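Beneath this line is the structure, given in structure tokens, with notes to follow.
The values are calculated or read from the model by the stated rules, or taken from the named source; none is laboratory data. Fair warning: this is a prediction, and the values are worked out from it, not measured in the lab. Cβ placement follows ideal geometry from the backbone for every residue including glycine, while neighbour counts extend to all protein chains displayed.
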Amino acid sequence: MFKIMMVEDDTKIRDIVLENLQRWGFEGVYVDDFDEVFNVFVKEKPHLVLMDINLPLFDGFYWCNKIREVSKVPVIFLSSRNTNMDIVMAINMGGDDFVQKPFSLDVLMAKINALIRRTYSYTDVSSDVLEYNGVVLNLKDSTVLHGEDKIELTKNEFKIIYILMKNNGTVVSRDKIMRSLWEDESFVDDNTLTVNINRLRKKLSDIGLDDFIKTKKGQGYIVS
């Protein structure tokens, strides 16, 4: 089932659209804390976003830009603002379509279905990010996002944090991590792993994640 995420400050419009999405067989989710739009996005992993422009705290252009840092998921802007500049800005900020309020539900659903078809007919719908406790790992460019901060990872650092985040809540042994690093046939010994873990921890510490990777003595590592 395709999931549609709605970022809309008008609860009446939000509820009507969500009800209509359900009728069409979509799963609808919405944001009720407008300071957490990005975090809700990475947690819910929607296949399409309906984004109002006028929002509390930050506007829809800001949140679309944040989403575009980690994903190419389709974004349709919904707004009562209808100047050419607003429409151009919406597209330039990464939006795929613009629907002016008040709008026809039939037209909106036609646009949603068309975008879903074009985007996912021949592609994998899996997410481009992993998220755990507010830490976002971008699988496409090997970066870590935490709040407004971003770090770039080496190939080995990426593989280490990927396997730890993929197995969040579980201790991952050093042997298992080293086996994942051997996939490209480059030999990684125990000391090399320690060096890579330490470098990764230093980078994470630089963006306020001092204890994200914990050592379980005699067992391995776990993210928390």
TODO: State which residue pairs qualify: first residue assigned by TED's automatic domain parsing to the domain that holds residue 70 and inside region 90-115, second residue among the aromatic types (Phe, Trp, Tyr) and part of a helix (DSSP H, G or I) in any location, beta carbons under 6 Å apart, and separation of 6 or more residues or different chains.
DONE: 93/61
Open item on the list: As an exercise: evaluate residue 91 against (1) at pLDDT 90 or above; (2) part of a helix (DSSP H, G or I) and give the number of the one condition it does not meet.
Closed with: (1)
TODO: For residues that are under 15 Å from the mean Cα position of the chain (by Cα) and assigned to a loop (DSSP other than H, G, I, E, B), tally how many sit in region 1-34.
DONE: 1
TODO: Of the numbered conditions (1) within 22 Å of residue 120 (Cα to Cα); (2) more than 20 Å from the chain's Cα centre (by Cα); (3) crowded, with 17+ Cβ neighbours inside 10 Å; (4) polar (S, T, N, Q), residue 71 fails exactly one; give the number of that condition.
DONE: (2)
Open item on the list: The conditions are (1) at pLDDT 90 or above; (2) more than 25 Å from residue 128 (Cβ to Cβ); (3) out of contact with any Gly (no Cβ under 6 Å at 6 or more places or on another chain), and residue 157 fails exactly one of them. Which is it?
Closed with: (2)
TODO: Find all pairs meeting these conditions: Cβ atoms under 7 angstrom apart; at least six residues apart or on different chains; first residue within region 36-58 and within 15 Å of residue 137 (Cα to Cα); second residue in a helix (DSSP H, G or I).
DONE: 38/63; 38/66; 38/67; 41/67
TODO: Hey, can you tell me all the residues within region 138-176 that are touching a Phe, Trp or Tyr at 6+ places or on another chain (Cβ under 7 Å), crowded, with 17+ Cβ neighbours inside 10 Å and within 20 Å of residue 215 (Cα to Cα)?
DONE: 164, 165, 172
